[in-house]
């Protein structure tokens, strides 16, 4: 694959709406095929959203409550293991480190856009 293949421009990047939010609730999604949590996330002026996230490897529900995360806001809602997942929580996934959440290094207002 050449270096030019797969490149996007900045306009393409800005179409993906990624924002910070604070996890209000985290419970085990017992209907999920792979271990996952149902997250209730406050995105400030963008509202409270729900997501199913496969992040049980490094985090307990009590670890997650109050944590800020980054999520993609403009994918269509998707039914995941019995819940309506309306945002995609972002994480780095690697076979050596597992699934590690992307988080702001300093507190930011909920709904802050990632650019």
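The values are calculated or read from the model by the stated rules, or taken from the named source; none is laboratory data. Keep in mind that this is a model prediction, so the values were computed, not measured. Methodologically, a virtual Cβ is constructed for each residue, glycine included, from the backbone with ideal geometry; neighbour enumeration extends over all protein chains shown.
One table, with the values for the structure above:
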read-out	value
Those residues of the range 1-35 which are surrounded by 18 or more Cβ atoms within 10 Å (Cβ to Cβ), at pLDDT 95 or above and under 20 Å from residue 82 (Cα atoms), in sequence order	23, 26
Subset of the range 86-115 that is in a strand (DSSP E or B) and more than 14 Å from residue 43 (Cβ to Cβ) - its residue that is modelled with the lowest pLDDT	98
Residue that is touching a strand residue (DSSP E or B) at 6+ places or on another chain (Cβ under 9 Å) and exposed (fewer than 12 other Cβ atoms within 10 Å of the Cβ), where the choices are 39, 115, 90	115
Test for residue 50: is it within 16 Å of residue 28 (Cα to Cα), exposed (fewer than 12 other Cβ atoms within 10 Å of the Cβ) and modelled with pLDDT of 95 or more	no
Any pair with Cβ under 8 angstrom, 6 or more apart, that starts in the range 33-52 at a residue that is on the phi > 0 side of the Ramachandran plot and ends at one that is surrounded by 18 or more Cβ atoms within 10 Å (Cβ to Cβ) and assigned to a strand (DSSP E or B)	44/21
Counted residues, the range 72-85 - those being surrounded by fewer than 16 Cβ atoms within 10 Å (Cβ to Cβ) and in a loop (DSSP other than H, G, I, E, B)	6
